[in-house]
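K.L.:
One structure, as structure tokens, below. Some questions next.
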Amino acid sequence: MNSEILALAMDEVDDIYLEDTRAALGYGVGRKRSAKTIRRAFLLAAVISLLLAAAGCAAAWFGLSARLTPIEVSSYGETAKRFSLDNYAGTATAEAGREWTEYFNEYEASHTFTNEISDSSLAEPELSYSMIYGAFDRAMLDRLEGISEKYGVKLHIRIYPAPDYETGLAALGIGDFIRGEADRGFKYIFEDGSFTVESYMHIGDTDELFSLMRCKKDSLNNGFMVFRGNEVYDEWEYVTETGQKVNIAVNEWSEHTRTLPIFILYDAGDYLVTVITHCPNTENIRAEGQKIAERFDFAALTGGELNTELLDAKTVELAQSHPVKPKIGLMTVSEFFETDEYKASAAFQRSYNDYLDTMNQGGNKAPGMYDQYYYDSFPAADEKINEIFDRVIEQYPYLRVATETQSVIMMLPVDADAMTSPFSYKGAANPTYMYESISMDALFRMLGTQPFIAEGNYTAVANNTGAFLLAGADFQLSYIPKGTFFPTVRFALDENGETWAYTTSCGEQVSIAKGGDYSYPVCNFNYALYETDIAYVFIQFEPNLGAGEIENILDGIDFTKLNELKPWGAEREITPRYIQYKPLTIMKENWYCKDEYLMPQAEKEYVFYTHEALCGDDTKGITWSVEGNDNVTLTDNGNGSCTLVYHGSERAAIKLTASRGADNFNTVIICEGR
Amino acid sequence: MQDEKIVDLYWQRSDDAIRETARKFGSYCHTIAYNILCDSSDADECVNDTYLKAWNSMPTNRPARLAPYLGRITRNLALNTAFSQSRKKRGGENLTLALDELNECVPNGVDLEKSAEMSELRAAIRRFVSGLPEEERSIFLARYWYFESEKEISQRMGFSRSKVASRLSRTRTKLKEYLTEEGLI
């Protein structure tokens, strides 16, 4: 058929046009004005690479070259140089940055961090080092502290997330340093007066994203860039109208990225200032660069003394404007639905489901049919989910959010043979994860609680706001400190169900709300609420559980232990567990390998299950097949599972498929050779 | 992770190669496959097949940019799957509509399979696309390379739907004239 031939003949269209179209369609590249968000990520390096993914350098002029230190990182190539934000090349700070960057990249490339730091217990300042510098384990922390000592440079110990612009300026003791039309706001402020702004500025006819970093010269800043190309910058010195001497460097036009990156560098005494943005016009570039430089009052960026009390007071002020109400009488589930903690969580989960619907347009689920819930940490792998998160938080700015980059997630088959489904979510780019198994003692230690529930198979998520989730087979318990955003609450579809009070076996009274009958797609959960002076304990039960079954589960929870919990942090001891999980190779939802999820080893048997086999559903007619490599023995166990053995000598990718009639599911597995 | 690091992972035969590919390009490939197959499960399979092909082709290939490289694999796999299905069984009307539109580029009675070598046709279309104005090119590729619907293109690119339709119609006419000039039809 002619049209089919034409469609196939488009195979050789140039890459750059496919990329352009991809960007125009908004497939995960570029950034639209309407999608602006202020992300709460801690690794600043990512911010800079976002702006300057295409920047290279061979500038041999004072401005840029004075910030470049050669580095040895094999994957960056022989000519790689580190552009430091904090001090000039040759200084102790830049040397410390070089050593840390080299170490970090090599170490990260050779370690997966899977469970390697499970038992580490961090206290300040190492807790902050871990977050700010991405030091994931003991060895990295030791090296970081060693570098700090060796070069005599300070490490950041405190990061204040995104205060409003006026508060930030007042706390820093400096004046407004942005001129003209722009979104004004801080991204982070550090304890020594270093800070980052990432926002939009109206330049010409467009809104350009810009980053401004002010970094103290004697503190190691984790933000940096690696230059490794041979592109040329036009670079010159410029004195602004108010008399500040800056260096401006404009990269050559990149046809590929269609951007014209521009640097403005300023020495502010104790600090170095770096502005990175894009020049919107390709003509009269020097004049355009100077116009952009005039949009900043560099004199205002000099000096100032950080008043941390102002930053702390702002948090307190926000909290006081929405004071936490102590427990008064028995709070009902309906009353809980009126709290901002619930509304924020429900708003997030609803938007998340709407997003899944959008992703599913034209698919096999009708709109509104999703009942997936997001449990993972923030920032999420999916930018859209982060946007939803930011949008909700903008509506509830007084709610505290977790500042850890990783939630703690684990799976607890105390019985090693028990199969429990790990958390997963659709719509994000992550494959399903394998979570850690730990003991009940370790679980309660991690949550910072006394044992309050009997041994069993649970999945848990905990944030450093003190919020946690404990999910069992039929219920999901969320401990939500008042004033905290913890988006694990399943939104209610029937918020006016029958309710009653129940005194559990521990003597504490809870409020129960019975959901309506299960009527697909309306899935009415049952709820229970227990309130303490500082937190809500919200429990959701599977639909169709009877009143007796709900009360039975509640009798198994010692609410007095939850009532005794102190606020997170100073009074409540925790055992932080920073775990960067190694995801499965590619493990589709509903696929489980009983023995291990990690790379199958040659000559070892691995049993794979279909969801039907695990759930005891009908497995008749399920057949298995494998493609991609001949060195595989595949045995159909006849019960919805198969046993796979790889015999090859080299690492290989194989595709495992289970079929039943026209339906089939498949996964790609990387097998380790002999 | 940058593309070349992911390519390095393939060359090192690291199992992280596919993990990183899925993380960075999984949804992109899925979108391409889904636009063609209109079935989420089939699209998933197509994406997995893409990973398999990527694994088997690197080495020896070392693509400079992974998105178009993987996108091509996905698109070809998805098109071959769709073309192997009967017209009736094909997932959605989006592909069928797009193919019907492409048919307008070839005069009635001409059989491309006989009139042109595939390699010549590929080269001609490559030249044709390169010569299009930027906006027109993006709309054309969005429709016939990525197989987005007119409605989706108008929403994503910020054009009116009538503008998208008229641009596409004009480009199809140009393509027909170009293929005629090149002696391919």
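The values are calculated or read from the model by the stated rules, or taken from the named source; none is laboratory data. Keep in mind that what you see is a predicted model, and the values were worked out from it rather than measured. We place every Cβ from the backbone using ideal geometry, glycine too, and count neighbours over all the protein chains shown. Note: areas computed on protein heavy atoms with side chains; ligands, DNA, RNA excluded. Shrake-Rupley method; radii C 1.70, N 1.55, O 1.52, S 1.80 Å.
K.L.:
Suppose the filter is touching a Lys or Arg at 6+ places or on another chain (Cβ under 9 Å), at pLDDT below 85 and within 30 Å of A:Ile534 (Cα to Cα); does A:Thr339 pass it? Please lay out each step first, then the result.
P.N.:
Values: touching a Lys or Arg at 6+ places or on another chain (Cβ under 9 Å): yes; at pLDDT below 85: no; within 30 Å of A:Ile534 (Cα to Cα): yes.
No.
K.L.:
Please give the helices (runs of 4 or more DSSP H) falling wholly within segment B:1-89 in which 1 or more residues are open to solvent by 20 Å² or more (accessible area, probe 1.4 Å), farther than 29 Å from A:Leu6 by Cβ and facing chain A (nearest Cβ under 8 Å). Give the steps one after another, and end with the answer.
P.N.:
Details: elements: B:3-11, B:16-37, B:40-57, B:66-84.
By residue number, B:3-11, B:16-37.
K.L.:
Next question. How do the pairs read when you match residues in segment A:557-570 that are surrounded by fewer than 14 Cβ atoms within 10 Å (Cβ to Cβ) with residues anywhere that are modelled with pLDDT under 85 and among the charged types (D, E, K, R), using Cβ under 6 Å and keeping only pairs 6 or more apart or on different chains?
P.N.:
Close Cβ pairs (under 6 Å, with a partner that is modelled with pLDDT under 85 and among the charged types (D, E, K, R)) amount to A:Lys566/A:Arg572.
K.L.:
Can you pull out the residues in segment A:107-138 that are modelled with pLDDT of 75 or more and among the charged types (D, E, K, R)?
P.N.:
Result: A:Glu126, A:Arg138.
K.L.:
Further, regarding this structure: How many residues does segment B:118-137 hold that are open to solvent by 40 Å² or more (accessible area, probe 1.4 Å) and more than 7 Å from chain A (Cβ to nearest Cβ)?
P.N.:
Looking only at that region, the number is 7.
K.L.:
In segment A:429-482, what residues are more than 22 Å from A:Phe336 (Cα to Cα), in a strand (DSSP E or B) and modelled with pLDDT of 85 or more?
P.N.:
A:Ile453
K.L.:
I've got another one for you. Let me confirm something: among B:Ile125, B:Ile139, B:Ile153, which residue is among the hydrophobic types (A, V, I, L, M, F, W, C), at pLDDT 90 or above and within 24 Å of B:His30 (Cα to Cα)? Let's see the steps before the verdict.
P.N.:
Numbers: B:Ile125 fails: within 24 Å of B:His30 (Cα to Cα); B:Ile153 fails: at pLDDT 90 or above.
Answer to the check: B:Ile139.
K.L.:
Further question on the same structure: Could you please give the count of residues in segment B:101-117 that are within 7 Å of another protein chain (Cβ to nearest Cβ), open to solvent by 60 Å² or more (accessible area, probe 1.4 Å) and at pLDDT 85 or above?
P.N.:
0
K.L.:
Just name the residue that is farthest from A:Ala602 (Cα to Cα) out of those in segment A:622-655 that are open to solvent by 40 Å² or more (accessible area, probe 1.4 Å), within 14 Å of chain B (Cβ to nearest Cβ) and part of a strand (DSSP E or B).
P.N.:
The selected residue is A:Ser625.
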